[in-house]
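Below is one structure; the comments refer to it alone.
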Amino acid sequence: MLKLLLVSPDKASLSDLALALAEFKDVELSWVASGEKALSKASDHEIDLVITDEKLGDMTGLEFAGRLLSVNPRINCASVSQLSPENFHDASEGLGLMAQLPVRPGKEDAGKLIQCLSNLKENTHASI
């Protein structure tokens, strides 16, 4: 079972992605509305992937990713961003982000995230 946490003060912005992710039978979704709530949940719950909106109300998705590293560096993170891929790479370097998502991510993005996360988990278990 893959445990995913979606973080957004506006559920509508990630709703298409959430609907697509819910179609995968081995995915468990949960939501929180702010970065602080997500950090709190990440500190005491098993989570495989956090997906953040670009702005979380109390911080940006990139700021959250940086703070998540100090809470639990093994949790994968993906963030919505309007930045160009090059600027996103520069802004997120060293934050351990798995993916940049477009504004209003959808079904195709969900499939890519699950495939990438599954590959990461398989490779991690294979090397242990």
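The values are calculated or read from the model by the stated rules, or taken from the named source; none is laboratory data. From a predicted model like this one, the values you see are computed outputs, not experimental measurements. Note: ideal-geometry Cβ built from the backbone for every residue, glycine included; neighbour counts use all protein chains shown.
Quick rundown of the values:
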item	result
Condition broken by ALA12, with the remaining ones in (1) under 20 Å from LYS112 (Cα atoms); (2) free of Cβ contacts under 8 Å to residues at least 12 places away in the same chain satisfied	(1)
Subset of segment 87-128 that is touching a strand residue (DSSP E or B) at 6+ places or on another chain (Cβ under 9 Å) and of a type in the set (D, E, K, R) - its residue that is modelled with the lowest pLDDT	LYS121
Pair list, Cβ < 6 Å and 6+ apart or interchain, from segment 32-56 residues that are closer than 17 Å to GLY96 by Cα and modelled with pLDDT of 95 or more to residues that are part of a loop (DSSP other than H, G, I, E, B) and among the polar types (S, T, N, Q)	ALA42/ASN72; ASP53/SER8; GLU54/SER81
Qualifying residue in segment 64-71 (condition: assigned to a helix (DSSP H, G or I), within 14 Å of the chain's Cα centre (by Cα) and over 22 Å from ALA91 (Cβ atoms))	no
Residues that are part of a helix (DSSP H, G or I) and touching a residue at least 24 places away in the same chain (Cβ under 8 Å), drawn from segment 72-94	ALA91, SER92
Residue in segment 110-123 that is part of a helix (DSSP H, G or I), of a type in the set (Asp, Glu), out of contact with any Asp or Glu (no Cβ under 8 Å at 6 or more places or on another chain) and more than 23 Å from ASP16 (Cα to Cα) present	yes
Odd one out for SER84, checked against (1) over 18 Å from ASP16 (Cβ atoms); (2) touching a strand residue (DSSP E or B) at 6+ places or on another chain (Cβ under 9 Å); (3) at pLDDT 95 or above	(2)
